[in-house]
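> This is the structure I have questions about; it appears just below.
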């Protein structure tokens with residue numbers, strides 16, 4: 001039989017299997033118990049074995065039901081993907097020693113995510129995903145400490161770079177409009193408890 | 001019958017309170033708006049409004065969210081007919097005949113049929129929900145844990161069989177969803193599972209970050225990658241009424257559509273879009289005007305529009321009576337109820353009569369509102385389309401982010417949303433359906449609980465699942481559904497139906 005590989009299905013199957021194997025490994029810590037008195041590890045073990053089996057099945061079928069190749073990655077895509085991971089991890093480790101604020105709660109995670117996604121945004125293939133994710137990560141970092149207005153303005157302005165047809169005037173307009181709208185909805189009407197301005 | 005009327009009376013009493021009316025209207029308005037706008041659907045909208053419903057009473061919150069779902073079915077038809085642009089998946093088939101009708105100068109008639117057909121179907125479906133709810137609830141109360149487990153398994157399998165694309169992949173996504181639901185403290189032993197020592201995970205992964213990341217923000221990224229193509233409105237709406245002949249032709253189509261839609265809405269994995277497709281196929285084969293199909297047959301608008309609205313409402317039946325969500329929107333409703341501290345299930349009718357009957361009454365009230373919102377105000381909704389996506393998506397992001405953050409006032413949830421955005425993006429690139437994952441995630445913890453209880457009662461004997469008649473029937477149906485799909489002929493038929 002002629003092989004007719006479906007790249008998308010094969011990748012999906014491998015992802016399912018990888019997650020299942022990681023889950024089975026982590027589940028070694030939990031006691032299985034018996035079928036009558038199931039321990040905390042019983043259901044996870046069952047679920048992950050089924051998932052691994054389904055993943056293998058998907059991989060098996062993917063050899064025949066193609067062709068549906070994965071989208072091609074350019075050299076820059078691969079470079080920025082790996083670079084983003086390295087830069088993100090580095091920022092995550094180093095940030096707390098640069099400024100104590102980054103060491104508090106999950107701020108280092110936010111710094112790492114933002115740095116990593118900005119590196120990925122260099123290549124056109126990742127641009128939309130990376131800029132949107134970076135803007136949301138920056139929002140997480142800034143919203144609590146830099147306050148409602150600065151956090152939201154950063155989110156809106158950074159996210160606007162994901163769409164090439166935005167003009168300067170348009171960005172200023174949409175930022176002003178959304179700040180006013182969200183102030184009215186969330187602060188005036190719903191009264192959520194957040195700082196409006198920077199608190200350090 | 002008397003009881004039904006008095007219960008419905010109670011429901012109308014609840015639904016007609018000022019606050020509930022106001023939020024039903026708000027839901028209907030938001031629903032119509034997102035129905036008109038392509039690129040944002042009810043799943044994304046409901047997930048980004050979930051955190052906001054936190055501050056509302058449970059009944060009001062659910063009434064509003066339900067309004068969004070069926071409102072979107074009305075709104076979706078408008079752009080489908082006028083611009084050949086389906087605002088929702090469920091109105092894809094409406095473009096086939098509806099846009100042709102608009103080109104023939106019968107846009108007004110098409111819009112009127114769509115709205116009137118939807119209204120009729122909505123009314124019938126509301127009565128159906130009210131009548132079948134308490135009966136099914138009685139049946140559900142006799143279920144043991146083993147029956148529940150099998151029922152949920154059946155729900156998951158049928159949801160996969162009806163999902164688009166490969167079934168094995170869809171089941172894989174369901175199981176992954178169940179696996180994600182395992183994260184957190186084990187209810188019976190108190191042991192932390194898969195939490196990596198992160199205190200925020202001890203209550204489990206958040207429902208909102210997953211839904212918002214995979215359906216809200218990942219959707220934005222995918223829309224941005226597809227360049228925008230919107231034609232400018234050139235068709236005149238014309239007069240919003242039907243000729244006698246059109247009325248005569250659309251009546252049986254509406255009746256058939258209501259029937260098909262009500263049934264398909266009940267099935268797990270069904271819901272509005274499947275109903276619309278089903279009804280379209282039926283009309284093309286059965287209606288008197290089938291020769292006109294492809295050239296603007298009014299039956300092709302009336303049937304599917306009635307069907308999608310009927311299904312949007314009957315899909316509440318499994319949720320309200322059994323606590324089982326049949327599609328992604330219903331999974332979000334479970335999320336909303338759990339945020340409110342209500343466990344959906346057969347006890348809801350007894351424990352939360354206000355919510356149960358109030359919601360049903362509000363569905364009918366919402367349909368009346370939608371008729372008014374849609375027909376005379378159609379021009380206003382079409383203008384909404386002139387807002388370009390580049391102004392729309394920052395607004396969606398703002399609501400998503402504030403919503404996620406304010407859940408626990410913790411940036412951790414925001415970072416989880418980012419992770420699930422990336423995961424949702426990968427899934428759609430690999431053609432893995434995110435909806436089964438969400439249903440699995442919601443049902444997973446309940447399934448584990450029922451499984452453990454069933455096995456404890458049976459003293460570790462697995463045969464309990466085939467010995468109890470209800471449970472055995474459920475498993476049997478699930479097995480048949482799977483086997484049917486394994487047969488090449490039927491699978492090809494399904495693929496063909498999905499492709500059309």
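The values are calculated or read from the model by the stated rules, or taken from the named source; none is laboratory data. Computed from a predicted model, the values in this text were never measured in an experiment. Ideal geometry is used to build each Cβ from the backbone, glycine not excepted, and the neighbour counts take in all protein chains shown.
> Could you say which residue among A:73, A:49 is assigned to a loop (DSSP other than H, G, I, E, B) and either under 24 Å from residue B:181 (Cβ atoms) or more than 9 Å from chain B (Cβ to nearest Cβ) (or both)?
So the residue among A:73, A:49 that is assigned to a loop (DSSP other than H, G, I, E, B) and either under 24 Å from residue B:181 (Cβ atoms) or more than 9 Å from chain B (Cβ to nearest Cβ) (or both) is A:73.
> Please verify whether residue B:391 is farther than 17 Å from residue A:130 by Cα and either more than 10 Å from every other protein chain (Cβ to nearest Cβ) or buried (at least 20 other Cβ atoms within 10 Å of the Cβ) (or both), treating the condition exactly as stated.
So residue B:391 does not fit the description; no.
> Conditions: (1) more than 14 Å from chain A (Cβ to nearest Cβ); (2) modelled with pLDDT of 85 or more; (3) over 30 Å from residue B:246 (Cα atoms); (4) within 21 Å of the chain's Cα centre (by Cα). Residue B:171 meets all but one. Number of the miss?
(1)
Quick grid of which residues meet (1) surrounded by fewer than 22 Cβ atoms within 10 Å (Cβ to Cβ); (2) under 15 Å from the mean Cα position of the chain (by Cα); (3) under 21 Å from residue B:395 (Cβ atoms); (4) more than 10 Å from every other protein chain (Cβ to nearest Cβ):
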{"residue": "A:79", "(1), (2), (3), (4)": "yes, no, no, yes"}
{"residue": "A:85", "(1), (2), (3), (4)": "yes, yes, no, yes"}
{"residue": "A:93", "(1), (2), (3), (4)": "yes, no, no, yes"}
{"residue": "A:99", "(1), (2), (3), (4)": "yes, no, no, yes"}
{"residue": "A:103", "(1), (2), (3), (4)": "yes, no, no, yes"}
{"residue": "A:113", "(1), (2), (3), (4)": "no, yes, no, no"}
{"residue": "A:122", "(1), (2), (3), (4)": "yes, no, no, yes"}
{"residue": "A:149", "(1), (2), (3), (4)": "yes, no, yes, yes"}
{"residue": "A:154", "(1), (2), (3), (4)": "yes, no, yes, yes"}
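> Within the range A:5-32, count every residue that is touching a helix residue (DSSP H, G or I) at 6+ places or on another chain (Cβ under 6 Å), outside any helix (DSSP H, G or I) and buried (at least 17 other Cβ atoms within 10 Å of the Cβ).
The qualifying residues number 1.
> Oh, and also: Of the numbered conditions (1) at pLDDT 85 or above; (2) within 13 Å of chain A (Cβ to nearest Cβ); (3) surrounded by fewer than 17 Cβ atoms within 10 Å (Cβ to Cβ), residue B:454 satisfies every one except a single condition; which is it?
Answer for residue B:454: the failing condition is (3).
> Now, a different point. Sort out which residues of the range B:417-433 are more than 7 Å from chain A (Cβ to nearest Cβ) and closer than 15 Å to residue B:48 by Cβ, and write them in order of number.
B:420, B:424
> Any residue in the range B:375-387 that is within 12 Å of chain A (Cβ to nearest Cβ) and in a helix (DSSP H, G or I)?
Step one: list which residues in the range B:375-387 are within 12 Å of chain A (Cβ to nearest Cβ), which gives B:387.
Narrowing the set further to residues that are in a helix (DSSP H, G or I) leaves none.
There is no residue in the range B:375-387 that is within 12 Å of chain A (Cβ to nearest Cβ) and in a helix (DSSP H, G or I).
> If you take the residues of the range B:145-168 that are over 18 Å from residue B:325 (Cα atoms) and either touching a strand residue (DSSP E or B) at 6+ places or on another chain (Cβ under 6 Å) or not in a loop (DSSP other than H, G, I, E, B) (or both), which of them is nearest to the other protein chains (Cβ to nearest Cβ)?
It comes out as B:168.
> Working carefully through the options B:159, B:131, B:140, find the one that is modelled with pLDDT of 85 or more and in contact with a helix residue (DSSP H, G or I) (Cβ under 9 Å, 6 or more places away or on another chain).
Criteria check complete, one pass: B:131.
> Take the range A:167-186 and flag every residue that is loosely packed, with under 15 Cβ neighbours inside 10 Å and within 11 Å of chain B (Cβ to nearest Cβ). Write out each step before concluding.
Applying the first criterion (loosely packed, with under 15 Cβ neighbours inside 10 Å) to the range A:167-186 yields A:167-169, A:172-173, A:176-177, A:180-181, A:184.
Listed by number, the residues that qualify are A:167, A:173, A:177, A:181.
> When the range B:457-494 is examined, which residues are found to be more than 14 Å from chain A (Cβ to nearest Cβ), assigned to a loop (DSSP other than H, G, I, E, B) and at pLDDT 85 or above?
Within the range B:457-494, just B:468 meets the criteria.
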